[in-house]
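Report on the structure given below.
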Amino acid sequence: MEELVKQLKEQIIDALNLEEITPDDIDAAAPLFGEGLGLDSIDALELIVILDKYYGIKLASPADGKAVFKSVNTIAEYVAAHRTK
Amino acid sequence: MKEGISVTGMGIICAIGNDCAQVLDSLKQGRSGIRKMKYLESVHRDIPVGEVMMSNARMHSLLGIPEGETVSRTSMMGAIAIREALSRAGDISGKRVALISGTTVGDLDITEKYFQRMKTDDSLLNLPHSNECGTSTMEMARLTGLSNAQVCTISTACSSALNAIILGCEMLRSGEADVVVAGGSESLSRFHLNGFNTLMILDRAQCRPFDASHAGLNLGEGAAFVVLTKDARNPLCYIGGYGNRCDAYHQTASSDDGEGAFLAMSEALSLSGLKASDIQYVNAHGTGTPNNDYSESQALRRVFGENIPEVSSTKAFTGHTTSASGSIETVMCILAMLHDFTPANLGWKSPVEGGIVPTSGHIGVKLDNVMCNSFGFGGNDSSLVLCREPRPLPELVKARNCTVAACVTVTSAEELSGLREFISPMESRRMGKLMKAALLASLKALQSAGLQTPDAIISATSRGMLELSQQFMDNIDEGGEELLSPTLFMQSTHNTLGSAVAIRTRCHGYNTTYSQGEESELWALRDAERLIRSSRADSVLVGIFDESTPAFDSFSQRTGTKVPAPLYAKAMILTAEK
């Protein structure tokens, strides 16, 4: 799981183009949206692309991603349970 | 201008008809044009669209275009609608004519088809390849006998065509033209179908604006144009007023309180001299996305209070015709006025929480004053009031002179680190190079002029965010229309630059974007001068923004045309001369 968390952080930094942020700067338990990292609705769409591209998980709408995208940890748990690649 | 601006002709082509008569019949019969994809080539066959039921070959022959000439679908649909509009408008020979079209896609339907091969095959470079939307309007002028007209293209995403009509009215009021043919045209493209798909706002069924089950929009295509003149005899109707304001909230979402839409509608009403209660029908922007429908409902409540007139979105008939929607729906409003009916909001069953209740349509209602809303990405919100009786509009007289208070130019990527003084890395995470340059030049110019928020923002860009747009086009081709990035698409509309400046400076004032090749800058400056000279703005930020890419540079080199600068952002602050 630790490896997956690290990998996800790198994929998020890359896809969201988070300049000047390293994986260590992201608290895996902290909220990604609103407070915490402060991501928005477009970032949520990019996260949906990450799940599809690297893990073969298809979310039908951003609403479905709400619970999944709470933090890097919740994404990792969801990916571990649902990944098809 | 005691009789104001008259509409003397109109033409339309869209999913529910190829001319005014067919569109009128479909509207009255409640016949939707949302169907399975027929002409657009895309892997996303499950996405329904509102296509014009005419092949390119048929349009080609209808317009008498010689064999071997390739004209984009946007230009051909535009020309068909312009011809219809002119046929009703009477003789315009000897008049000073302007043709103003709103589009974002332009000739992209051709460019996207051949783009990869154009990189190596010189023989394909006789096709449209510059990715400028202004070229599609030049073609329309050529195909409709308007080659001698002043030609201009407005590109404010989904409000483009309404802003084209607004520019036409401004030019008539200031005496810059005698007759204006204004509207918009937009064909479907693989590019924006995939783009909207990455935003996950496309409904897989016929869209249901304002309905509790609404789940997004359907894309459509088409064109519509109106002919405008001053003090005409026996016109179809009159322009009552218009408003253009900016939501200045987000590049692809509307604010919860609908501020931009509220301001645009209020301004249109105020110019018309009418009260909110004088409006009997509103053709809503009503895309069918939960975000638009909620935001527009709040804005309508703020303008009309508890007495909201009959409102409908006609997008379940035509799909969202994006840049052309403003003129397509303007023509529908005029048809409704001329034939005493209100179009139905198809597919509506029950209200959304906090949403308005739209009309199911009525026959036999006399409409004296109607309103047409058109909102775009970046919060470029516009509204138009149309009236049965003449409404006097003040002429735009030159009350004062204009001067340049500050001017800042950014031309190299190295300078962009200077943006850190104004914006955090988190805020600029999605911005392409040109947007960073545009913001840096704009914020520095404002700083130098001692201003935080200008009264208006006017942009000029020939190709917009070319680097990210090309990347999106390449990704579509490489990845077979899958796994695409919304970040690339959301910055592909030309108005994204001016909108970014508005969002950053919280500028809710007039906001528009010109895209007419090298003439874009002149059009933008003319507009800024018009605002300042007539004392409607004290400070206007004019931005000239363009970039290039190696692929597009190679097209220029191989066709022997001028290779544009790799990065160019100039921001000027225009103010009144003291």
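A short reminder: the numbers here are calculations on the coordinates, not readings from a lab. Everything numeric here is computed off the predicted structure, so don't read it as measured data. Note that we place each Cβ from the backbone using ideal geometry, even for glycine, and neighbour counts take in every protein chain shown.
DSSP beta bridges confined to chain B are antiparallel in about 65 percent of cases. Among the GluC sites (Glu not before Pro) in the stretch B:229-320, those placed in a DSSP loop whose Cβ has at most 12 other Cβ atoms within 10 Å are B:Glu306.
Fewest neighbouring Cβ atoms within 10 Å first, the residues B:Ile503, B:Ile363 line up as B:Ile363, B:Ile503.
Could you tally the net charge around B:Ser266, taking each other residue with its Cβ under 9 Å from the Cβ of B:Ser266, Lys/Arg +1 and Asp/Glu -1? Around B:Ser266, the charge tally is +1. Between A:Ala30, A:Ala63, A:Ala15, the residue with the greatest mean-square fluctuation in the GNM of chain A (Cα pairs under 10 Å linked by springs) is A:Ala63.
Backbone phi angles across the stretch B:304-310, fed through the Karplus curve with coefficients 6.51, -1.76 and 1.60 (θ = phi - 60°), yield HN-Hα couplings of 9, x, 7, 9, 6, x, 4 Hz in residue order; Gly and Pro are listed as x.
A Förster distance of 35 Å, applied to the separation of the beta-carbon atoms of A:Asp52 and B:Asp178, puts the FRET efficiency at 0.05. Computed from point charges on the beta carbon alone (+1 for Lys and Arg, -1 for Asp and Glu), the dipole magnitude for chain B about its Cα centre is near 700 Debye.
In terms of its alpha-carbon gyration tensor, chain B comes out rounded; the largest-to-smallest axis ratio a/c stays below the 1.5 threshold.
Under a model in which nothing but the beta-carbon of Lys, Arg (+1) and Asp, Glu (-1) is charged, the stretch B:123-203 shows a dipole of about 120 debye around its Cα centre. By the beta-carbon count within 10 Å of each Cβ, the least crowded to most crowded order of B:Met265, B:Met426, fewest first, is B:Met426, B:Met265.
Shape descriptor for the protein assembly as shown: Rg over Rh equals 0.95 (Cα atoms; Rh from the Kirkwood inverse mean 1/r). Listed from fewest to most Cβ neighbours within 10 Å, the set A:Ile13, A:Ile48 follows the order A:Ile13, A:Ile48.
When only alpha carbons are used to place a centre, the stretch B:301-334 and the stretch B:156-176 end up 18 Å from one another. As a quick test, which of the pairs A:Lys58/B:Lys113; B:Lys28/B:Lys315; A:Lys58/B:Lys36; B:Lys119/B:Lys562; A:Lys53/B:Lys38; A:Lys66/B:Lys433 have an alpha carbon distance above 20 angstrom in this structure? Result: A:Lys58/B:Lys113; A:Lys58/B:Lys36; A:Lys53/B:Lys38; A:Lys66/B:Lys433 exceed 20 Å. Along the stretch B:348-357 the Karplus relation, 6.51 cos²θ - 1.76 cosθ + 1.60 evaluated at θ = phi - 60°, assigns HN-Hα couplings of 7, 10, 8, x, 7, 4, x, x, 6, 9 Hz to successive residues, with x for each Gly and Pro.
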